[in-house]
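I have placed the structure first, in the form of structure tokens, so that the comments after it can refer back to it.
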Amino acid sequence: MQDQSPILEVDRLNTTFHRNGRPLPALRDVSFSVARGEVLGLVGESGSGKSVTLRSIIGLARRYGEVTGQILWQGRDLLPMPDRALRQVQGREIAMIFQEPMTSLNPLLTVGLQLEETLQSHTDLPRAARRDRAVEMLDLVGIPSAAQRLKDYPHQFSGGMRQRVMIAIALAANPKLLLADEPTTALDVTIQAQILDLILRLADEMDMGVVLVTHDLGVVAQTCDNVAVMYAGRIVEQGPVRDVLREPRHPYTVGLMRSVPENLPPRTPLYSVPGTPPGLDALPPGCAFAPRCAACIQPCQQDRPGLSLIADGRQVACFNPVTKAEGNAA
Amino acid sequence: MTTVMQIRDLHLRFPLGRSLMDHVKGRPGRVVQALNGVSLDLIQGETLGVVGESGCGKSTLARCIVRLYPPSEGSILFEGQDVFAGDARADRSYNRRVQMMFQDPYSSLNPRMTTGQILAEALSVHQMRPEPEIPARVSELLELVRLPQDAQHRLPHEFSGGQRQRIAIARALAVEPEVLIADELVSALDVSVQAQVVNLLLDLQRDLGLTILFVAHDLRLVRHVSNRVAVIYLGRIVEIGDSETLFSAPAHPYSQALLSAAPSLNPDNRGNATRLEGELPSPLNMPSGCPFHVRCPHASDICKSTIPALTPFEGCGEVACHHVEEINAHA
């Protein structure tokens with residue numbers, strides 16, 4: 001169970017990239033917090049800012065864009081931190097796993113070497129202990145005959161096994177927070193179930209917070225404690241998974257849930273939110289979702305709704321949120 | 001109910017060639033056994049869903065059907081004609097009548113041709129319309145897949161993923177096919193865009209009377225669009241039947257495990273899934289007997305030695321399992 005005090009507090013995070021001299025607002029006023037042992041889901045469609053959020057937290061985005069706001073990690077702000085100090089946090093205290101394990105593992109080095117490299121730079125373990133720890137980690141993530149497999153190269157592993165290796169490397173230094181960017185999107189459902197179970201079990205055993213980025217609402221429903229729904233660089237709704245999925249209040253969340261073909265008469269038309277998400281260089285002046293929204297009212301056109309508390313732990317950024325009755329009828 | 005296509009005992013083996021070690025030891029080269037005796041019928045106007053894990057042979061089956069791979073054994077009959085028979089291969093009309101759409105619209109559309117050129121090429125290659133009528137037909141096709149008319153003059157990279165899949169659909173429909181093979185057509189798209197493309201496909205099927213083979217790994221989606229579903233494991237159909245029946249009460253232990261691995265939208269359903277241990281064995285090194293016995297919780301001696309045949313099971317479609325009766329009696 002989770003400890004109430006947050007280890008990570010993100011406050012009004014703004015990330016802006018520049019293209020041809022024009023600013024592209026990738027993230028606007030993103031605020032959330034993660035406690036130890038908590039699994040937070042970030043969900044949204046491509047381009048909504050889920051991955052940029054993770055990259056901004058771990059300090060990968062600041063090389064290419066402008067990141068402002070506050071990222072409080074155990075009380076320290078990561079944003080003004082110089083690169084050298086940030087490297088003490090990256091990988092050691094906060095670890096990240098990516099969607100495509102083949103491109104994030106070095107194809108020329110054995111898996112054992114890559115694991116030991118991580119241990120060498122992030123722990124004070126002596127050489128022999130590092131090897132033992134490497135075996136222990138592969139064992140922990142469920143790779144059979146771990147000691148022999150240390151000598152294997154990434155291409156000798158299957159997709160699911162490679163993702164396990166990535167998790168083993170990410171968790172080798174005992175991080176307190178894991179940022180997982182679509183860790184199972186490239187995998188089959190059967191392997192996805194195994195990997196998600198593994199992440200949940202390890203989060204629980206190591207009392208680690210997890211931010212899980214995914215576009216699959218089913219994955220959110222099955223793994224997360226809390227969820228934040230993103231649209232055009234902003235969080236539009238957040239709260240406990242059960243409440244948000246059962247009674248979505250933002251029209252976009254409702255639309256997203258209705259697009260999933262579950263509990264529908266077969267071969268009937270699927271609901272789809274009309275229109276397409278706006279380009280980051282052409283965001284409307286008011287609510288970014290207003291042009292596609294059926295519940296759009298006058299203020300939505302001019303003003304941007306902020307996230308406001310509507311119930312215990314639930315926040316929605318909408319002037320005209322969906323009520324329970326409408327949600328069910330929709 | 002007319003059967004448009006009969007696939008009978010289709011085998012496909014990809015030889016890997018003999019390595020130096022194979023020559024030294026005098027053993028034959030290794031072979032990937034991609035399809036191992038697939039038999040199924042496609043019925044006029046239906047959508048047949050094909051599901052399975054990656055590497056199980058679903059895409060290989062799709063590619064065999066459009067003659068991209070000639071099978072090692074077995075036959076595909078289209079309206080009673082063997083499509084791989086000598087003279088049939090020269091017959092281009094099969095290529096026109098059975099069209100394939102691919103997963104990745106980035107690599108299946110020529111990046112240097114405009115949408116208009118892509119569609120016009122399909123029309124002129126198969127001589128669908130006399131030259132002067134082609135522009136009008138291109139406009140009609142764009143309307144059919146709900147793309148704006150100015151799309152004609154744009155290149156594939158100017159479109160979003162969903163729009164590109166619409167171009168791929170328009171190109172397939174240009175030649176007025178009877179059968180569409182959709183290989184992971186919407187897998188790369190976001191859910192809301194996915195919904196639009198699926199709706200389009202359902203509408204077109206209804207209006208044009210198309211028969212669709214829908215290969216996908218998204219089980220919810222396959223359940224939604226299909227009339228019947230085939231579950232494939234290591235190049236063999238392990239269960240086939242009516243979509244709703246199969247999804248609500250799968251009979252084969254593999255179908256049961258596969259379906260329960262799909263994450264439900266209901267957070268209260270957590271943890272009640274049957275988790276499948278291990279991974280798909282390599283098709284280079286097929287297990288003896290039932291290919292699923294290494295991962296099956298119900299496996300017994302007979303499963304290790306004898307391959308179960310696909311046989312009708314009461315209340316379901318056809319199931320290939322020695323223990324189907326006991327397994328489903330307990331349930």
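The values are calculated or read from the model by the stated rules, or taken from the named source; none is laboratory data. Note that this is a predicted model, so its numbers are computed, not measured. Methodologically, a virtual Cβ is constructed for each residue, glycine included, from the backbone with ideal geometry; neighbour enumeration extends over all protein chains shown.
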Out of all the residues in region A:245-265, is one or more closer than 22 Å to B:Asn266 by Cβ and in a strand (DSSP E or B)?
-> no
Does region B:239-250 contain at least one residue that is more than 9 Å from every other protein chain (Cβ to nearest Cβ) and closer than 16 Å to B:Cys56 by Cα?
-> yes
Selection from region A:204-218 of residues in contact (Cβ under 8 Å) with a residue 40 or more places away in the chain and more than 12 Å from the chain's Cα centre (by Cα) yields A:Asp204, A:Asp207, A:Met208, A:Leu217, A:Gly218
Among the residues of region A:57-79, how many are touching a residue at least 40 places away in the same chain (Cβ under 8 Å), surrounded by fewer than 16 Cβ atoms within 10 Å (Cβ to Cβ) and small (Gly, Ala, Ser)?
-> 0
Hits in region A:224-246 (condition: touching a residue at least 40 places away in the same chain (Cβ under 8 Å) and within 8 Å of chain B (Cβ to nearest Cβ)) = A:Val241
Conditions: (1) more than 30 Å from B:Glu140 (Cα to Cα); (2) surrounded by 24 or more Cβ atoms within 10 Å (Cβ to Cβ); (3) within 13 Å of the chain's Cα centre (by Cα). B:Ser226 meets all but one. Number of the miss?
-> (1)
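Rundown of residues vs (1) under 30 Å from A:Phe17 (Cβ atoms); (2) in the same structural domain as A:Leu54 (by TED's automatic domain parsing); (3) of a type in the set (Phe, Trp, Tyr), yes/no style:
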| position | (1), (2), (3) |
| --- | --- |
| A:Pro240 | no, yes, no |
| A:Tyr252 | yes, yes, yes |
| A:Pro284 | yes, yes, no |
| A:Pro291 | yes, yes, no |
| A:Ala295 | no, yes, no |
| A:Arg304 | yes, yes, no |
| A:Cys318 | yes, yes, no |
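Okay, residues lined up against (1) more than 8 Å from chain A (Cβ to nearest Cβ); (2) assigned to a loop (DSSP other than H, G, I, E, B); (3) hydroxyl-bearing (Ser, Thr, Tyr):
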residue	(1), (2), (3)
B:Gln165	yes, no, no
B:Arg171	yes, no, no
B:Leu180	yes, no, no
B:Leu189	yes, yes, no
B:Val193	no, no, no
B:Leu200	yes, no, no
B:Arg206	yes, no, no
B:Leu213	yes, no, no
B:Val222	yes, no, no
Determine if region A:91-99 includes at least one residue that is at pLDDT below 90 and within 14 Å of chain B (Cβ to nearest Cβ).
-> yes
In region B:5-39, anything of a type in the set (Val, Ile, Thr) and in contact with a strand residue (DSSP E or B) (Cβ under 9 Å, 6 or more places away or on another chain) is listed as B:Ile7, B:Val31, B:Val32, B:Val38
Read through the list (1) within 20 Å of the chain's Cα centre (by Cα); (2) modelled with pLDDT under 90; (3) more than 20 Å from B:His224 (Cβ to Cβ); (4) not β-branched (Val, Ile, Thr), then give the number of the only condition that B:Ala168 fails.
-> (2)
Name every residue in region A:215-244 that is under 25 Å from A:Glu93 (Cα atoms) and either of a type in the set (Asp, Glu) or in contact with an Asp or Glu (Cβ under 6 Å, 6 or more places away or on another chain) (or both), in order of residue number.
-> A:Asp225
Residues that are in contact with a Cys (Cβ under 9 Å, 6 or more places away or on another chain) and surrounded by 19 or more Cβ atoms within 10 Å (Cβ to Cβ), drawn from region B:241-275 | B:Gly241, B:Leu246, B:Pro250, B:Ala251, B:His252, B:Pro253, B:Tyr254, B:Ala257, B:Pro267
Within 9 Å of another protein chain (Cβ to nearest Cβ) and either in contact (Cβ under 8 Å) with a residue 40 or more places away in the chain or small (Gly, Ala, Ser) (or both) - does that describe any residue in region A:164-173?
-> no
Just to be sure, is A:Gly142 within 14 Å of another protein chain (Cβ to nearest Cβ) and either touching a residue at least 12 places away in the same chain (Cβ under 8 Å) or exposed (fewer than 15 other Cβ atoms within 10 Å of the Cβ) (or both)?
-> yes
Checking B:Gln149 against (1) more than 14 Å from chain A (Cβ to nearest Cβ); (2) in contact with a helix residue (DSSP H, G or I) (Cβ under 7 Å, 6 or more places away or on another chain); (3) within 28 Å of B:Leu42 (Cβ to Cβ), which test does it fail?
-> (3)
Among the residues of region B:123-179, write down those that are more than 22 Å from A:Gly275 (Cα to Cα), surrounded by 15 or more Cβ atoms within 10 Å (Cβ to Cβ) and among the hydrophobic types (A, V, I, L, M, F, W, C).
-> B:Leu123, B:Met128, B:Ile134, B:Val138, B:Ala172, B:Leu173, B:Ala174, B:Val175, B:Val179
Which one of these is more than 30 Å from B:Val31 (Cα to Cα) and modelled with pLDDT under 95: B:Tyr69, B:Tyr106?
-> B:Tyr106
Output yes when any residue across region B:152-161 is modelled with pLDDT under 90, closer than 26 Å to A:Val254 by Cβ and in a loop (DSSP other than H, G, I, E, B), and no when none is.
-> yes
Test: residue in region A:113-126 that is in the same structural domain as A:Tyr153 (by TED's automatic domain parsing), of a type in the set (Val, Ile, Thr) and either assigned to a helix (DSSP H, G or I) or within 28 Å of A:Gln238 (Cβ to Cβ) (or both) | yes
For B:Leu284, which of the numbered conditions (1) touching a residue at least 60 places away in the same chain (Cβ under 8 Å); (2) within 11 Å of chain A (Cβ to nearest Cβ); (3) surrounded by fewer than 24 Cβ atoms within 10 Å (Cβ to Cβ); (4) within 20 Å of A:Asp188 (Cα to Cα) fails to hold?
-> (2)
For region A:186-209, what are the residues that are among the β-branched types (Val, Ile, Thr) and facing chain B (nearest Cβ under 9 Å)?
-> A:Val189, A:Thr190, A:Ile191
Condition check for B:Ala249: touching a strand residue (DSSP E or B) at 6+ places or on another chain (Cβ under 9 Å), among the small types (Gly, Ala, Ser) and either farther than 23 Å from B:Phe14 by Cβ or in contact (Cβ under 8 Å) with a residue 40 or more places away in the chain (or both) = no
